[in-house]
Structures are given as C-alpha cells and as structure tokens.
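Following: one structure in structure tokens, then a few remarks.
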Amino acid sequence: MNTMLNKNASTLVQAINAKIQAGEFPSERRGCLCGSELQHQVSNVDWLGLTAQTVICHSCGLMRLNPRLSKAGYSLFYGSDEYRRLHSGEEFIADAERRVMQKQGGQILALLEPYLTHSERLKVLELGCGGGWNLLRFDAQRFETRGYDLSPGLVEFGVSKGLDLRLGALEAAESDYGWADLVILNHVLEHLNEPADFLRRLREKLKPSALVYIGVPNIDNFNTGQLQLAHTYYFSPRTLRYYLQSLGFAVAELGPAQNIHMHAILTPGEARIEPQLLRGEYARLMRIIRNHRLRSRAVRALDSLGIKGLLKSALGMNAVKSN
Ligand SMILES: [Zn+2]
C-alpha cells in the first residue's frame, strides 16, 4: 500500500483490489510482443497499491502487465465508482485549464519543427487528445487540427476552446488515419492492450509522407511511481525503437520528453530493423531495477533514522509520477 495515500483513498484502493481479486474486472494473460512467454516478475502492485503484475520479458526486455485487465475489464475499471472517487480530488475543468497553460503542446511542436518542411497547411490528428491542450499550440494558420478522446467532458471542453474534437476510441478515428499529415500519440501507446495491432493498422493507412509523434514513459527511469494499472506496456528507448522499426516505421529521432518520459518522431521511409537493440536488454533493465530497489531500501533505512530528507536528493530519489 502506498503510504502517501490518505485513509479515504486507501479504502478505495482496497475496494478496487477486492473487485480485481473477485474477478469483477475481467483480465487476460498475454505473451510478449516478441512471442516469448518467459518472464520475470518486477512488481505485484502499482504506485497506488492497486494489484498489477508487472513483468519483464526474459527474451527481449520489454516490460508489461501480465495478466492485465481485458479491454472490457479496463472499461469497467474506469467506469467504476471507486475509480471516479479516487480521482475526484482534482477538479476536472480546473485540471484541463491547468494543462492548457502548460507548455507541453509547444514542446511537441518544437520537436517536430525541423521535420515540418511542407509548404501547405498541415492536417494534424491527435489520438487520445484529452481536452486538446496539445492541439491548441498548433496555430490555425499553419495547421488544421482534429482530435479524438474517450472522455465526453474533455471533448466538450476542447470544443468550447474552438477545437475540432470528437468523441471516440482509436477505432472511431481510423477513417482519419489517411487524412493526416501528422499523427500525435502522446501517452497513448502504453495504455493499449494491443499496441502492435494498432500501429500496424495506422502504418497501413498513413499517407506515405505522414509524420508520427509518439510520447511514452521511459522505463529506464524506473521508479515504482511509474507503475500503473492503466499501463499495459513499459518501453525503454531500445525496446521502443526496436518495436517501432519491426512494425515498419522509420525512427528519425528518439529522445527525452518532460524530463522522465521520451519521444520518438517517425518519418516516411524504409524501416531499418536493428535486432541488436534487444541484445542484453533484459539484463540491463534488471540492473536498473535492482539499483532502484537498493536506493529505496537505503532511503527507508535513513528515514527510520530521521535523516532521509538530507540525503534523498543526493541519491536522486525525488518521487516522480508519470502521467
Ligand atoms: Zn519479449
């Protein structure tokens, strides 16, 4: 159980765990994207204390939840009273407004700028766009924007800001894959039950000249705060690059985003598959995880001596939470 949670929240976490235990949220087991079933368990709870079996593939080093909730299970989970109450501490519209004020969309545009050599007005499609806070940074003179999100409230919020936002999952947006010159997938891939299937369909329908921007957590920055029941896959720069290549995408750049996360920009062109990216990846990530555990243990020991605050920052243990 996360010791940061207040009593109310920990009661909700316990209620959700009881439902998971009782099988009220349907779950499923899946092998790794590489096809291997060999795995090592990394954690059995997420950052809140929710039951979530995070494993790492012995063959390729990709981390994932296994078992995970099925698609129907996730719908029930997000629609449950407990989940809503767990996240109702933050005012919905105030949070959306705060995100509009953040510069994330501007950072995405700045990263893409070197690749935007087209002279015509570009069509930008964002999947999982939330309230459209990223798209607001793409000025209407240069870009025609469109976004899809599952939350009726957030879509309504974005529409009130003058954006072309539509309610729907990835399937609803599929007819627009071929419309876009640029597709933005910011913190979407790590939530998908079948990311490879989705990327394959996207690749098939994209214009040959289209760009794709991807933002995901970087599990090289391993921290228990990164582990979330909502995250089905955890990529490292190496596993992300390899799987994008193997799905037919040319990776033009891959680098950091928002400090602890990472971004990739995919450009048209021949995908070059580099199998060597996965060589030793399991062992490398296990070392990162072990080092994190050793540091956590050291911090807990210092905490019990009452001197944690002094040394926590020196050990690079400032709590981070992925979005
Ligand atoms: Zn694997």
Selection within region 242-259 - in contact with a strand residue (DSSP E or B) (Cβ under 7 Å, 6 or more places away or on another chain) and either in a strand (DSSP E or B) or surrounded by fewer than 21 Cβ atoms within 10 Å (Cβ to Cβ) (or both):
245, 250, 251, 252, 253, 254, 255, 256, 257
Among the numbered criteria (1) surrounded by fewer than 21 Cβ atoms within 10 Å (Cβ to Cβ); (2) in contact (Cβ under 8 Å) with a residue 24 or more places away in the chain; (3) assigned to a loop (DSSP other than H, G, I, E, B), which one does residue 277 miss?
(3)
First in region 14-34 and away from the ligand (no atom under 16 Å from the Cβ), second anywhere and aromatic (Phe, Trp, Tyr) and outside any helix (DSSP H, G or I), Cβ under 9 Å, 6 or more apart
16/25; 19/25
Determine which single condition residue 117 fails, assuming it passes every other condition in (1) β-branched (Val, Ile, Thr); (2) without any contact (Cβ under 8 Å) to a residue 40 or more places away in the chain; (3) within 16 Å of the ligand (Cβ to nearest atom).
(3)
Do you know which of the residues in region 289-300 that are out of contact with any Lys or Arg (no Cβ under 9 Å at 6 or more places or on another chain) and of a type in the set (A, V, I, L, M, F, W, C) is farthest from residue 221 (Cα to Cα)?
298
Residue check, residue 55 within 16 Å of the ligand (Cβ to nearest atom), β-branched (Val, Ile, Thr), more than 12 Å from residue 228 (Cβ to Cβ) and under 17 Å from the mean Cα position of the chain (by Cα)
yes
Scanning region 188-231 residue by residue, the ones that are over 26 Å from residue 72 (Cα atoms) and among the small types (Gly, Ala, Ser) total 2
Quick one: would you say residue 124 is among the hydrophobic types (A, V, I, L, M, F, W, C), in contact with a Lys or Arg (Cβ under 8 Å, 6 or more places away or on another chain) and part of a helix (DSSP H, G or I)?
no
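Bear in mind these aren't lab numbers, they're just calculated from the coordinates by the rules spelled out. Source: prediction; values computed, not measured. Every residue, glycine as well, gets a Cβ built from its backbone with ideal geometry; the counts of neighbours run over all protein chains shown.
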